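Have a look at the structure below, then the notes.
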Amino acid sequence: LILRRFNEKDLGALLKIFGDRETNTYLPWFPAKDIKGAKEFYNVRYAAKYLEKQAYAYAVCLKKDDIPIGYVNLETQGAFDLGYGLLPQYRGRGIITEACRAVLIRAQSNGFDFVTATHDVNNPKSGAVMQRLGMKYCYSYREQWQPKNISVVFRMYQLNFNKDCPVYE
């Protein structure tokens, strides 16, 4: 895999990722409908992040073509929440687990004590990724998710680098 920053040349790939209904079913935003929507995703979720001192916002690409097929993000403001998405045709191969593990290794080496992640209870495969990363289930909670205005039950996981994960040492 290649993990790298998204750039404006990736707008077509961003449209595929953020426009795919299945990929975005369990995410708080509506799928992008066109290149203009993809550019908006890029500007808000990536270009703005890249202005920060430490940005953990990556395109996930296969080495063979360096075209984004997914993403891994780690919030650094307030919560240290891990998020990821992958186009359906690439799932089940360990790609997102490998990409997340690389980001977690970087976060630990940069002094993070812990990372959290949540998934919709209706998306257990996302929770399986969290478990493969060594994250531990903490609790569930209900939230009214905007802008979709739907009630969602989330499962929250946490990874404490100092005691939970010798894999990352």
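The alpha-carbon of K125 sits under 23 angstrom from the alpha-carbons of these lysines, leaving out residues fewer than 8 places away in its chain: K16, K136, K148. With all pairs of separate Cα atoms included, region 78-151 yields a Kirkwood hydrodynamic radius of 13.8 Å.
With 5 Å bins beginning at zero, the pair-distance distribution over Cα atoms of region 21-78 amounts to 4, 15, 21, 29, 20, 10, 1, 0 %. The aspartates and glutamates within cross-link reach of K9, meaning a Cα-to-Cα straight distance under 18 Å and a gap of 8 or more places when in the same chain, are D34, E40, D65, D66. Straight-line cross-link reach from K53 at under 16 Å between alpha-carbon atoms covers these aspartates and glutamates, not counting any fewer than eight positions away in the same chain: E75. Sorted on the mean count of surrounding Cβ atoms within 10 Å across their residues, most packed first, peptides 93-106, 46-59 read 93-106, 46-59. Semi-axis lengths, largest first, of the ellipsoid equivalent to region 58-117 are 23, 11, 10 Å, with √(5λ) applied to each eigenvalue of the Cα gyration tensor.
Placing dummy labels 7 Å off each Cα toward the beta-carbon, the span from K136 to Q77 is 3.1 nm.
Averaged over every viewing direction, what's the projected area of the C-alpha convex hull for region 1-158? Give it in nm², one decimal, please. Numbers along the way, then the final one.
Numbers: hull surface 36.2 nm².
That works out to 9.1 nm².
Per residue, the solvent-accessible area of region 16-149 (1.4 Å probe, heavy atoms of protein chains only, all protein chains present) comes to 55 Å². A simple spin-label model places pseudo-atoms 7 Å from Cα toward Cβ; at S151 and T25 they are separated by 2.1 nm.
The values are calculated or read from the model by the stated rules, or taken from the named source; none is laboratory data. The shown structure was predicted, so the numbers you read here are calculated from the model rather than taken from an experiment. Glycine gets a Cβ as well: all are built from the backbone with ideal geometry, and neighbour counts include every protein chain shown. Heavy atoms of the whole protein, side chains included, go into the accessibility calculation; ligands, DNA and RNA do not. Shrake-Rupley method; radii C 1.70, N 1.55, O 1.52, S 1.80 Å.
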